[in-house]
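A short worksheet on the structure shown next.
The values are calculated or read from the model by the stated rules, or taken from the named source; none is laboratory data. Nothing here was measured: the structure is a model prediction, and the numbers come from that model. Methodologically, a virtual Cβ is constructed for each residue, glycine included, from the backbone with ideal geometry; neighbour enumeration extends over all protein chains shown. Areas reflect the complete protein model, heavy atoms only, side chains present, ligands, DNA and RNA absent. Shrake-Rupley method; radii C 1.70, N 1.55, O 1.52, S 1.80 Å.
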Amino acid sequence: MKISLSWLQDYVDVTASPQVLADTLVRLGHEVESVESPRQAVFGVVVGLIESKVQHPNADRLSLLKVNVGGESLLEIVCGASNMGVGDKIPVATVGTQLPGGLTIKKGKIRGETSCGMCCSETELGLADHSDGLLILPEDAPIGMQLGEYLGFETALFDLSITPNRGDCMSVRGIARDLAADADLPLKVVGVDAVAVDAAVALPVVAMQAIDDCSIYMARRIEGVTVGNAPEWLQARLRAAGQRSVNGVVDVLNYIMLDMGQPMHAFDAEKLSGDITVRHAQEGEPFDALDGRHLDLATHNLVIADDEKVIALAGVMGSEETGVSENTQTIVLESAYFRAAGISTTRRGYAMVSEASMRFERGVDPLMVEVAMERASQMIVHFFGGSVGAVRSLGNIAEVANVRELTVDLARVELRLGITLPEGCDGVLARMGFDLSHHGSMLRIGVPSFRHDVTQMEDISEEFARIVGFDAIPTILPTLHANVPLPIGREVADAVHDGAMQVIGYAFISEEQQRLFVEDDGLDIRLQNPISAEMAVMRRSVWPGLLAIAQRNLNRQQSGVCLVEHGRVYVRAHEEVVTHHEHDRLAWLMAGSVDDDQWFAKGRCADFYDLKGLVESWLSKRQLSARFVVDDHVLGLQAGQTAAILVGRNKVGTIGRVDASIADTFDITASVYVAEIDLAALPMGKAMKFQPLAEFPSVERDLVFLFDRGVEADAIVQTVVKAGGALLTHARIFDHYVGQGVPEGKVSLGVRFTLQSSDRTLSQTDAEAVFNAVIDAVASRFSATLRG
């Protein structure tokens, strides 16, 4: 959004330099993409008077001009245009001037004749894309005056990028309000007098059938209008803001939208058939928009219609047929307050972006609906004449503009920002339109009607941060007290503390990515109107998104990645119904290097056990322990390196290596390991309790067995633990051997276990009893034999 300095000064008497103002706007949270100076861009171009014109002796299409630019002598200029004559006043770029296109004017010879400057067209001055000749200036243009000053070019033009939550700043008045509040300057009130109503002008008939999507709707008829061009000063401001001139009435409405933030629309009354109705479209109802597009509308689209057709896609664009033209004599003005989410859905559904929709979907000020109507009526009648009728008003403005109240603890605000709020912050907030009252350490705040983004304590913290300046906030993390929740979910926080990097992926993926890890069982949730084929279905696994993020990072010279995401997956409840289920998942991905080369050791890449350790660490923080049981039937994961994660007897997740073919589709050459836990499937962890250190020594023993190949390690350990009873405190497999001395089809596994009692020293008899029980249990279940 482009705003000129002179326009801002209509509302606030700022005297700071453009660069200082730009820095202030950035501090207040408004990104300034550039500060332009249209007047400076044509500095050196002056008003000149043609004193003589003769044919160039060596070129049929060139003329030799002598031009008076207010200097001691006339300038001799060779010119190729033909639309000028003696006595015309024209723009002259003097020697040394650099024009907007980058051309620097130099003294030189053209076909043997000296030229000491350049006569300019609108194209060369950057005022038009095409021109047929020189720009001929009015007769009263002062000779020698800088062209930018004469034409009223802006001294400064700010190109702002307004964040989506700040709809109140999508106008000159909104930006001026912030600047005035910050500098403790008064915000000027633009006077709007009620227009005299002619009782002879008919009152528009409007029916409301969609009050939930259109809380306020106003319509007024103006007859006897002579549509012409808007005043030059108004067109100049529109041009500076990046708007093209359409016709006088449309230009006035665009001006008011940019000035006050309230979009409006005007219909040619003679092209309307009957009364106006605010309603939802019928399925497939046709609509021809002003931009030339033909649309087949859906039932959720809010429209303005007459008795025969749709005349506007509410809050987005009017129809081509009912638009105002130079032949229009009677207009119907519309000013309304539409539900922001509805406008956003419609606009995105048809990929239609308009200045009106950008403001409506961010939220406009309901108190400006009536003010804009009066001001537009006043300007139209002043510029183009006509008789104004009464306003048909539907909806209750007071109810829509009802002030919201928030109560915040200033101590928590300071804790969140990490600073002590300086004196004067309350005054800035009050000048921004907030109503403040202190009650001890609590601050009660009335939120103005134009601040739709302020709904909770965090939003007030952001307002104080804007006032203080984000640069003034320390870059260290503030101390968090025990009663202040962590800024991210505990699930992710624990994984991050273990070394993973939190990421957030899209909930929408392509159908091809869905099939990488989920069979096509008809339970996908497909979007009716996806942004692209890459976001056509709602994800049923977090892994495709993690792979895409890993690909992006590995392709940018990251040697390895360790990612974690806490998100939801989505699945239809049944193929025949439209209801769906959402499930919370915590997912990890590891790939590439985990240790770089060192002088004492070579670097290594992530493996299954690195990721298994992360999962175990995360579970242990919840007082849970897991078993990892081989599972070779998981789509997309490599057999032999995949396991189900069991807590107790319940499967809570899966861990494994991604098939190399799938990794290849993401251009990842390293081995990729993923894990996922269904958070709803986790049981409550055991309560922490004190356990005294053992007073009596432990006994550690090893037993080596011959097992059939294919026996699961977890099953062996569980059998040993069960057989060992209360005295066995720990068991694990410590050795694996296949080779000489081991029969074909067999594997040698060593089991190490620890025995300990809390009330006595174990005897040889105690140990022997446990050993024998373990040997018998292993032999019984697995037909394993003890190696000598």
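Does residue 77 satisfy being part of a loop (DSSP other than H, G, I, E, B) and among the hydrophobic types (A, V, I, L, M, F, W, C)?
For residue 77, the condition - part of a loop (DSSP other than H, G, I, E, B) and among the hydrophobic types (A, V, I, L, M, F, W, C) - is not met.
For the subset of the range 592-606 comprising residues that are of a type in the set (D, E, K, R), open to solvent by 90 Å² or more (accessible area, probe 1.4 Å) and modelled with pLDDT of 80 or more, which member is farthest from residue 674 (Cα to Cα)? Please lay out each step first, then the result.
We begin by selecting, within the range 592-606, every residue of a type in the set (D, E, K, R); these are 595-597, 602, 604.
The next check asks that each one be open to solvent by 90 Å² or more (accessible area, probe 1.4 Å); those that pass are 596-597, 602, 604.
Imposing the further condition that a residue be modelled with pLDDT of 80 or more reduces the set to 596, 602, 604.
Details: 596: 21, 602: 24, 604: 18 Å.
The selected residue is 602.
Kindly indicate the residue of the range 181-207 that is surrounded by fewer than 15 Cβ atoms within 10 Å (Cβ to Cβ) and under 36 Å from the mean Cα position of the chain (by Cα) and also modelled with the lowest pLDDT among those meeting that condition.
Per the criteria, the residue is 190.
For the range 647-658, enumerate the residues that are open to solvent by 30 Å² or more (accessible area, probe 1.4 Å) and at pLDDT below 95.
648, 649, 650, 651
Polar (S, T, N, Q), open to solvent by 50 Å² or more (accessible area, probe 1.4 Å) and not in a loop (DSSP other than H, G, I, E, B), is that true of residue 553? Even if it seems obvious, please write down each step before you answer.
Numbers: polar (S, T, N, Q): yes; open to solvent by 50 Å² or more (accessible area, probe 1.4 Å): yes; not in a loop (DSSP other than H, G, I, E, B): yes.
Yes: the conditions hold for residue 553.
Does residue 306 count as surrounded by fewer than 23 Cβ atoms within 10 Å (Cβ to Cβ), of a type in the set (Asp, Glu) and closer than 30 Å to residue 175 by Cα?
no
With of a type outside the set (D, E, K, R) and under 24 Å from residue 211 (Cβ atoms) as the only criterion, which of 403, 408 stands out? Break it down into steps so the answer makes sense when it comes.
Working: 408 fails: under 24 Å from residue 211 (Cβ atoms).
Within the list 403, 408, the selection yields 403.
Whether any residue in the range 99-117 is buried (at least 19 other Cβ atoms within 10 Å of the Cβ) and at positive phi is what I want to check.
yes
Of a type in the set (Val, Ile, Thr), under 58 Å from the mean Cα position of the chain (by Cα) and closer than 26 Å to residue 710 by Cα: which single residue out of 742, 738 fits that description?
Result of the check over 742, 738: 738.
Could you identify the single residue in 128, 141, 210 that is within 30 Å of residue 394 (Cα to Cα) and not polar (S, T, N, Q)?
Only one candidate qualifies: 210.
Which numbered condition trips up residue 628, out of (1) over 14 Å from residue 543 (Cα atoms); (2) in contact (Cβ under 8 Å) with a residue 60 or more places away in the chain; (3) open to solvent by less than 30 Å² (accessible area, probe 1.4 Å); (4) in a strand (DSSP E or B)?
Of (1) over 14 Å from residue 543 (Cα atoms); (2) in contact (Cβ under 8 Å) with a residue 60 or more places away in the chain; (3) open to solvent by less than 30 Å² (accessible area, probe 1.4 Å); (4) in a strand (DSSP E or B), only one is false for residue 628: (3).
Can you say whether residue 710 is of a type outside the set (Asp, Glu), open to solvent by less than 60 Å² (accessible area, probe 1.4 Å) and without any contact (Cβ under 8 Å) to a residue 12 or more places away in the chain, as far as the supplied structure shows?
Details: of a type outside the set (Asp, Glu): yes; open to solvent by less than 60 Å² (accessible area, probe 1.4 Å): no; without any contact (Cβ under 8 Å) to a residue 12 or more places away in the chain: yes.
Answer is no for this residue.
Looking for something at pLDDT 90 or above, open to solvent by less than 50 Å² (accessible area, probe 1.4 Å), part of a helix (DSSP H, G or I) and within 25 Å of residue 626 (Cβ to Cβ) - is there at least one such residue anywhere in the range 766-775?
yes
Can you tell me which residue among 55, 40 is free of Cβ contacts under 8 Å to residues at least 40 places away in the same chain and either surrounded by fewer than 20 Cβ atoms within 10 Å (Cβ to Cβ) or closer than 30 Å to residue 109 by Cα (or both)? Spell out the reasoning first.
Numbers: 40 fails: free of Cβ contacts under 8 Å to residues at least 40 places away in the same chain.
On inspection, the qualifying residue turns out to be 55.
Within the range 314-345, take every residue that is of a type outside the set (A, V, I, L, M) and in contact with a Pro (Cβ under 8 Å, 6 or more places away or on another chain) and give me the one that is most open to solvent (accessible area, probe 1.4 Å).
Step one: filter the range 314-345 for residues of a type outside the set (A, V, I, L, M), giving 315, 318-323, 325-330, 334-335, 337-339, 342, 344-345.
Now drop any that are not in contact with a Pro (Cβ under 8 Å, 6 or more places away or on another chain), which leaves 315, 337.
On the way: 315: 10, 337: 35 Å².
Checking each candidate, the answer is 337.
From 617, 559, grab the single residue that is among the polar types (S, T, N, Q) and more than 31 Å from the chain's Cα centre (by Cα).
Sole residue among the options that is among the polar types (S, T, N, Q) and more than 31 Å from the chain's Cα centre (by Cα): 617.
Do we have any residue at all in the range 371-380 that's in contact with a helix residue (DSSP H, G or I) (Cβ under 9 Å, 6 or more places away or on another chain), surrounded by fewer than 18 Cβ atoms within 10 Å (Cβ to Cβ) and modelled with pLDDT of 90 or more?
Yes; the residues of the range 371-380 include at least one that is in contact with a helix residue (DSSP H, G or I) (Cβ under 9 Å, 6 or more places away or on another chain), surrounded by fewer than 18 Cβ atoms within 10 Å (Cβ to Cβ) and modelled with pLDDT of 90 or more.
Which residue is nearest to residue 504 (Cα to Cα), if the candidates are limited to the range 556-575 and must be of a type in the set (Val, Ile, Thr) and open to solvent by less than 20 Å² (accessible area, probe 1.4 Å)?
Among those residues, the one meeting the criterion is 564.
Considering the range 208-260 alone, what residues qualify as being among the hydrophobic types (A, V, I, L, M, F, W, C), farther than 16 Å from residue 335 by Cα and open to solvent by 50 Å² or more (accessible area, probe 1.4 Å)?
Matches in the range 208-260: 233, 246.
What number of residues within the range 576-591 are part of a loop (DSSP other than H, G, I, E, B) and either over 34 Å from the mean Cα position of the chain (by Cα) or surrounded by 12 or more Cβ atoms within 10 Å (Cβ to Cβ) (or both)?
1
Hey, does the range 487-510 have a residue that's surrounded by fewer than 18 Cβ atoms within 10 Å (Cβ to Cβ), closer than 30 Å to residue 427 by Cβ and at pLDDT below 90?
Checked against the condition, which is being surrounded by fewer than 18 Cβ atoms within 10 Å (Cβ to Cβ), closer than 30 Å to residue 427 by Cβ and at pLDDT below 90, the range 487-510 yields at least one hit.
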